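Trainee: Sharing a structure below in structure tokens format, with a few things to ask.
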């Protein structure tokens, strides 16, 4: 009686193992898609690009007395759609230092109102941050603030912008 030669294949997968690997891979991809969807979900508040939300700069007596020397000019609002088909509103303007001291940082509070002049959205943002070049006396600097969601009750008028934080450049 002749023996049949047997071929031993050490890397061969048992039957059904390929289907299990495919199902496991498919489940992992589904989890990644769900997590990405939650991360980019509309309504998620992310920090505005180029600005720091909820800025907390000093605003004591010295800063309050200097604040009227800072003017915000050329305010404009525009809307655009991002790559996720979400509408983003951009507020742009110029920050002007009409005082005699150089500034290291400036924070503003932006208020959107409704038809009854009631505030429907209030946010604070740094429009001049400590890492950027200081704003010298008489100098002008452009800034932009981004809003992912504005209330539907907003009256579509230009928001109120006021200086609510200052940091002077140390001599």
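The values are calculated or read from the model by the stated rules, or taken from the named source; none is laboratory data. On a predicted model such as this, the values are computed, not experimentally measured, just so you know. Please note: Cβ atoms are built from the backbone with ideal geometry, for glycine as well, and neighbour counts cover all protein chains shown.
Trainee: Check off (1) over 30 Å from residue 62 (Cα atoms); (2) under 19 Å from the mean Cα position of the chain (by Cα) for residue 126 and give me the number that stays unchecked.
Mentor: The single condition residue 126 does not satisfy is (1).
Trainee: Out of curiosity, is residue 82 assigned by TED's automatic domain parsing to the domain that holds residue 156 and at pLDDT below 85?
Mentor: Working: assigned by TED's automatic domain parsing to the domain that holds residue 156: yes; at pLDDT below 85: yes.
So residue 82 passes the test.
Trainee: Quick check on this structure: which one of 75, 88, 129, 163 is in the same structural domain as residue 59 (by TED's automatic domain parsing), out of contact with any helix residue (DSSP H, G or I) (no Cβ under 9 Å at 6 or more places or on another chain), at pLDDT 95 or above and surrounded by 12 or more Cβ atoms within 10 Å (Cβ to Cβ)? First the steps, then the outcome.
Mentor: Details: 88 fails: at pLDDT 95 or above; 129 fails: at pLDDT 95 or above; 163 fails: out of contact with any helix residue (DSSP H, G or I) (no Cβ under 9 Å at 6 or more places or on another chain).
Exactly one residue qualifies, and that residue is 75.
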